[in-house]
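Values in this text are rule-based calculations from the coordinates and carry no lab data. Because the structure is predicted, anything quoted here is derived from the model rather than measured. So basically every Cβ, Gly included, is an ideal-geometry build from the backbone, and we count neighbours across all protein chains shown.
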Amino acid sequence: MPSPTVGDAPPLLIGVDAGGTKTLATIAQPGERGLFCVLGQGLAGSGNPLSAGVPQAVDAIGSAIRDARASAGIGAAPAQVAVIAVAGAANDAVRKEVAWQAERAGFAERCTIESDATPLLAVAAPEGPCVGLISGTGSVAIARNADGEILRRGGWGYLLGDEGSGYAIGRATLRAVLGQTAGEELVRAACRAIGADTPADLPRTVHQSPQPHRLVASSARCALELAAAGEPSAKAIAEQAAAALAGLLKEAEQAAGIAGGSHPVVVSGSVLLGSRLLRETVCRLAGVSTERLRQAHDATVGCLRIAATRLETS
């Protein structure tokens, strides 16, 4: 079926993935067979209203959309539908506040706010049982059953949860360094990642940072890289993180009533996508075959699929 048009021009769709570390916006036009013609993308800072605040999150979303418009060279041409996936938007009050400010900002004629995990399911499968798992700065699992009901586990932020996230891995790494249980290689790598001269400087460096949770999370990468290389203390940290993520995934499956099924499992987030060791360990601990595993490197694709569906039903 041909895509709907606005006048003589194809419609413009906006998909935004507003996460704890960065916000990515994509502007596209719908094409044939569920594909899209991407016109431009834009990048901004944290779009998580729980950690950055709602005004700052909406500012980041607006900045990313403006950059995407500039990249696309479309000026102020109106967009018909925007679907914005926001970390923390599973909270109804937060979602409504972000939606109100997004509507005032006029990002599109129709603007919908979704949780950051929802687009994963659109990437993996348009319908039917499916599970999504995110580990970036934070972590969350989301599952959909055969009735279309969606259940979440985790996603409470670093003060209350985020097990297996970049923050959790980074915190475990720094605690191992400070507790003198980390190997020498991990000690040196963690200090470099944080910008501390010695382990004794770590607490001061972290606590004086304007964004300490993001600084802590930045040390996750070196721990996972060393774990993949076989460094024992880093491997133990990676195994602990994988166990936490596998637990989240299984909790979401059980809540949705799809435990033990053969449904697809889609993973996303810089931590999971950046570490093959972590993905494989999560799959082993959760009993997920590699054939069922899918990777979502760009969550805005899921946002665009949702936007296209809403355009067709408008």
Check: Based on the Kirkwood radius over alpha-carbon pairs, what is the Stokes-Einstein translational diffusion coefficient of the range 190-283 at 4 °C with 1.567 mPa s viscosity, in µm²/s?
Finding: 86
Margin query: Output wanted: per-residue J couplings in Hz (rounded whole) for the range 233-239, from phi through Karplus 6.51 cos²θ - 1.76 cosθ + 1.60, θ = phi - 60°, x for Gly and Pro.
Written below: 5, 5, 4, 5, 5, 5, 5
Next item on the list: Answer with one residue from 257, 135, 173: the one whose Cα lies farthest towards the positive end of the charge dipole of the chain, charges on Cβ with Lys, Arg +1 and Asp, Glu -1.
Entry: 173
Check: Given the rule -39500 (n - 2.57) for each run of at least 4 DSSP H residues, summed and divided by the residues of the chain, what is its mean residue ellipticity at 222 nm, to the nearest 500 deg cm²/dmol?
Finding: -14000 deg cm²/dmol
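Pulled fully out, how much extra length does the chain show between residue 180 and residue 9, if you take 0.36 nm times their separation in residues and subtract their Cα-Cα distance? Write out the running numbers ahead of the final one.
Numbers: separation 171, 0.36 × 171 = 61.56 nm, distance 6.29 nm.
Full-extension gain reported as 55.3 nm.
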Check: Between residue 125 and residue 149, how many nm apart are label points set 7 Å from Cα along the C-beta direction?
Finding: 1.7
Margin query: If you average the C-alpha positions of the range 9-25 and of the range 291-310 separately, how far apart do those two centres end up, in angstrom?
Written below: 12
Next item on the list: Using Cα extents along the principal axes in Å as the read-out, say which of [x] 78, 35, 32; [y] 82, 59, 37; [z] 66, 44, 33 was calculated from these coordinates.
Entry: [z]
Checklist line | Cross-link partners of residue 96 among lysines (Cα-Cα below 26 Å; sequence separation of 8 or more within a chain) | finding: 22
Item checked: 100, 156 arranged by Cβ crowding within 10 Å, fewest neighbours leading -> 100, 156
Notebook entry, point to check: Farthest toward the dipole's positive end in the range 128-296, which of 187, 244, 267, given Cβ charges of +1 (Lys, Arg) and -1 (Asp, Glu) about the Cα centre?
Noted result: 267
Next item on the list: Choose one of 202, 121, 24: the residue whose Cα lies farthest towards the positive end of the charge dipole of the chain (beta-carbon charges +1 Lys, Arg; -1 Asp, Glu; about the Cα centre).
Entry: 202
Checklist line | About the Cα centre, charge dipole magnitude for the range 28-97 (Lys/Arg +1, Asp/Glu -1 at Cβ), debye | finding: 80
Next item on the list: Output the Cα-based Rg and Dmax of the range 128-296 in Å, rounding Rg to one decimal and Dmax to a whole number.
Entry: 16.5, 55
Next item on the list: Excluding residues on the same chain fewer than 8 positions from residue 235, give the lysines whose Cα lies under 26 Å from its Cα.
Entry: 250
Check: How do the peptides 58-67, 166-175, 251-260 rank, highest first, by the average count of neighbouring beta carbon atoms within 10 Å per residue?
Finding: 166-175, 58-67, 251-260
Notebook entry, point to check: For the range 264-314, with only Lys/Arg (+1) and Asp/Glu (-1) charged at the beta-carbon, what is the dipole magnitude about the Cα centre, in debye rounded to 20?
Noted result: 100
Item checked: Given charges at beta-carbon only (K, R positive; D, E negative), |dipole| of the chain in Debye -> 260
Next item on the list: For the range 167-207, just the Cα set please: Rg and Dmax, both in angstrom.
Entry: 8.9, 24
Notebook entry, point to check: In the calculated pair distance distribution of the range 58-99, what percentage of Cα-Cα distances lie above 14 Å?
Noted result: 56
Note to self: Amide H of residue 266 versus every other amide H placed in the peptide plane: which residues, excluding those fewer than 5 positions away on the same chain, fall under 5 Å?
What the structure shows: 131, 132, 133, 294
Next item on the list: List every residue whose amide H lies under 5 Å from the amide H of residue 157, counting only residues 5 or more places away in sequence or on a different chain, with H placed 1.01 Å from N in the peptide plane.
Entry: 139, 162
